[in-house]
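Student: This is the structure, below, for whatever I ask next.
The values are calculated or read from the model by the stated rules, or taken from the named source; none is laboratory data. Because the structure is a prediction, the values reported are computed rather than measured. Virtual Cβ from ideal backbone geometry, glycine too; neighbours counted across all protein chains shown.
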Amino acid sequence: MKATLLTQKNRYIATIYDGILKHKSARDIHKELFKVTINPNKPLLAYMIKLSNKAKKLDKGPGAYYSVGLDVLAVALLDLFKNKQVNDRSRVLINSEVRKYESEQKAEILTNAWKENRKSRKIFYVASSHADSAKDHEPWQGRIYVDKFWHNYDTDGSIGEFVRRNNIRTVQWVTGKPVWFITRPNCRHYFTTYTAEQILGNQYTVPHRKIGDRRLQTPRDTDLHRYEDRLRLLVALYKKHPTHILELQIQKTKLLIAKLKKEL
């Protein structure tokens, strides 16, 4: 999803760049933005429409560039993209959309997992404990949680007595607002599952980790991917209208990518 949206972002910016240099009207550029849309994302598209309106104000019309050439306008557009931090702001919008999607996917996965675990009567969840936990998740790690439907398995009242005596919260509560335990982006905590008999019989352990399971990109990986995305954008702009500035930026970005790859 992120790769698709990054590609979409580059197409949008290149479309604006090309449209302004061809002296298209703002309305025609808006139509082109809709036309090149692959994966509709309202915040990103709305941002690009506003950007195209700002960019259009730089265009003085075809007659104004007859003697000095279109490079003057092209450089002005590149300056606008740089000063407005267009690439970085677009990535923020994209990351926000990806995090939202990930949260929705996690919620769906958890709901399905709870249903499956009920079939084997595993209604208790023990949260892992990490030495490098985020501060706001420390109070909730290493604790026991119970499925909100525990009443369906409490045939003799022992589960209810245990839940009330130990103030056990539900797993649905801790994974939702305001804690977002394991569902929050980048959270590395996890649960192990147990039956009521195992928990009440003290037959469980709390998973401990000095360092949480890091399935995230390293900072250097992140930098590499960011520069590779920038290179794709620069090349797309260069194909629309090459300038010396773009050529230098492409060369510089390629050198940075090569350096980062050597250090990985």
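Student: Working only within the stretch 87-116, note down all residues that are in contact (Cβ under 8 Å) with a residue 40 or more places away in the chain and of a type in the set (S, T, N, Q).
Tutor: The answer is Asn87, Ser90, Asn95, Ser96, Ser103.
Student: Kindly establish whether Arg27 is touching a residue at least 40 places away in the same chain (Cβ under 8 Å) and surrounded by fewer than 20 Cβ atoms within 10 Å (Cβ to Cβ).
Tutor: Against the criterion (touching a residue at least 40 places away in the same chain (Cβ under 8 Å) and surrounded by fewer than 20 Cβ atoms within 10 Å (Cβ to Cβ)), Arg27 does not qualify.
Student: Out of all the residues in the stretch 237-256, is one or more surrounded by 13 or more Cβ atoms within 10 Å (Cβ to Cβ), within 20 Å of Lys9 (Cα to Cα) and either modelled with pLDDT under 90 or polar (S, T, N, Q) (or both)?
Tutor: Yes: one or more hits.
Student: Still on this structure, I have one more. Would you please name the residue that is nearest to Glu197 (Cα to Cα), looking only at residues in the stretch 111-128 that are touching a strand residue (DSSP E or B) at 6+ places or on another chain (Cβ under 9 Å) and surrounded by fewer than 18 Cβ atoms within 10 Å (Cβ to Cβ)?
Tutor: Taking the candidates together, the pick is Ser120.
Student: Another question, if that's okay. Is there a residue being in contact (Cβ under 8 Å) with a residue 12 or more places away in the chain, assigned to a strand (DSSP E or B) and surrounded by fewer than 18 Cβ atoms within 10 Å (Cβ to Cβ) anywhere in the stretch 182-205?
Tutor: Within the stretch 182-205, one or more residues are in contact (Cβ under 8 Å) with a residue 12 or more places away in the chain, assigned to a strand (DSSP E or B) and surrounded by fewer than 18 Cβ atoms within 10 Å (Cβ to Cβ).
Student: Pick out the one residue from Asp59, Asp132 that is surrounded by fewer than 12 Cβ atoms within 10 Å (Cβ to Cβ) and in a loop (DSSP other than H, G, I, E, B).
Tutor: One residue alone meets the criteria, Asp132.
Yes/no per residue for (1) outside any loop (DSSP other than H, G, I, E, B); (2) basic (Lys, Arg):
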residue: Asn87; (1), (2): yes, no
residue: Thr111; (1), (2): yes, no
residue: Lys122; (1), (2): no, yes
residue: Glu138; (1), (2): yes, no
residue: Thr155; (1), (2): no, no
residue: Phe162; (1), (2): yes, no
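Student: Next question. Looking only at the stretch 9-46, count how many residues are farther than 23 Å from Val98 by Cα, of a type outside the set (D, E, K, R) and assigned to a helix (DSSP H, G or I).
Tutor: 9
Student: Also: Which residues, counting only those in the stretch 62-92, are among the hydroxyl-bearing types (Ser, Thr, Tyr) and buried (at least 17 other Cβ atoms within 10 Å of the Cβ)?
Tutor: Tyr65, Ser90
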